[in-house]
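Below you'll find the structure, written out as structure tokens, and then a few comments.
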Amino acid sequence: MTTATGYTSDEMMTVAAAHALTSEMACFVGIGLPSTAANLACRTHAPGLWMIYESGTLGTRPETLPLSIGDGVLAETADTVVSVPEVFNYWLQPGRIDAGFLGAAQIDRYANINTTVIGDYTDPKVRLPGAGGAPEIAASCREVVVIVRQSARTFVDRADFVTSVGHGRGPGERDRLGL
């Protein structure tokens, strides 16, 4: 859908999200709009942004947008490629990543993200791709940016399933959970 400005809402969200990044940051990048935003930031105002993808590519600079975390262009342009456990155990979980860029099917008022099911888990209306590394990204990055198409179905009072915790049930919950 094109807005009155002539840009689509996805384009406007991507530009706004890109502006959340700086050259001094290490960013854990998800596929889709998060990847588009991070790559835009690298090519414009944040050339020193250090992009990390879940597949183990560190410092990647793809010339084209990757189709998935396993896209060869990520490894071909990376500073280095490490194992997936190393990405999570050495880089992400100890808090070495400044920002995580995630998508969501649902996000609730406490920033809990659902990428698993819409409806009841045992009898869902829709089964989604699931977590991937998103729970660890949401728990361990210093800052999390969620890029999601805005609709009443997306912004809910309570997520049908919490795939990645934001602030749980409210203030203080992250501290209680040790996040």
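The values are calculated or read from the model by the stated rules, or taken from the named source; none is laboratory data. Source: prediction; values computed, not measured. Here Cβ is always computed from backbone atoms with ideal geometry, including for glycine, and neighbour counts include all displayed protein chains. With ligands, DNA and RNA removed, areas are computed over all heavy atoms of the protein, side chains included. Shrake-Rupley method; radii C 1.70, N 1.55, O 1.52, S 1.80 Å.
Couple of notes before you dig in:
- Residue within the stretch 108-117 that is among the acidic types (Asp, Glu), more than 23 Å from SER23 (Cα to Cα) and at pLDDT 95 or above present: yes
- Count - residues of the stretch 98-131 that are touching a Lys or Arg at 6+ places or on another chain (Cβ under 7 Å) and part of a loop (DSSP other than H, G, I, E, B): 2
- Only a single criterion out of (1) more than 18 Å from ASP10 (Cβ to Cβ); (2) surrounded by 13 or more Cβ atoms within 10 Å (Cβ to Cβ) is not satisfied by GLY48, namely (2).
- Test: residue in the stretch 55-68 that is surrounded by 14 or more Cβ atoms within 10 Å (Cβ to Cβ), within 17 Å of the chain's Cα centre (by Cα), in contact (Cβ under 8 Å) with a residue 60 or more places away in the chain and part of a loop (DSSP other than H, G, I, E, B): no
- Matching residues in the stretch 132-159 - criterion: being open to solvent by 40 Å² or more (accessible area, probe 1.4 Å) and in a loop (DSSP other than H, G, I, E, B): GLY132, ARG142, ARG149, GLN150, SER151, ALA152, ARG153, ASP157, ARG158
- Just one of the listed residues (ARG153, ARG176, ARG169) is under 20 Å from GLN93 (Cβ atoms) and of a type outside the set (Phe, Trp, Tyr), namely ARG176.
- Scope the stretch 27-42; condition among the aliphatic types (A, V, I, L, M) and part of a helix (DSSP H, G or I); matching residues: LEU33, ALA37, ALA38, LEU40, ALA41
- If you go through the stretch 160-176 and pick out every residue that is of a type outside the set (Gly, Ala, Ser) and open to solvent by less than 80 Å² (accessible area, probe 1.4 Å), you end up with 7.
- The stretch 69-78, subset modelled with pLDDT of 95 or more and part of a loop (DSSP other than H, G, I, E, B), residue least open to solvent (accessible area, probe 1.4 Å): ALA78
- Odd one out for VAL84 among (1) aliphatic (A, V, I, L, M); (2) over 19 Å from the mean Cα position of the chain (by Cα); (3) loosely packed, with under 14 Cβ neighbours inside 10 Å: (2)
- Residues (among the small types (Gly, Ala, Ser) and either closer than 23 Å to ARG96 by Cβ or touching a Pro at 6+ places or on another chain (Cβ under 9 Å) (or both)) located in the stretch 50-85: SER55, GLY56, GLY59, GLY70, GLY72, ALA75, ALA78, SER83
- Residue in the stretch 20-32 that is touching a residue at least 24 places away in the same chain (Cβ under 8 Å), touching a helix residue (DSSP H, G or I) at 6+ places or on another chain (Cβ under 7 Å), closer than 20 Å to GLY103 by Cα and surrounded by fewer than 23 Cβ atoms within 10 Å (Cβ to Cβ) present: no
- For the criterion of being at pLDDT 95 or above, touching a helix residue (DSSP H, G or I) at 6+ places or on another chain (Cβ under 6 Å) and on the phi < 0 side of the Ramachandran plot, LEU102 fails.
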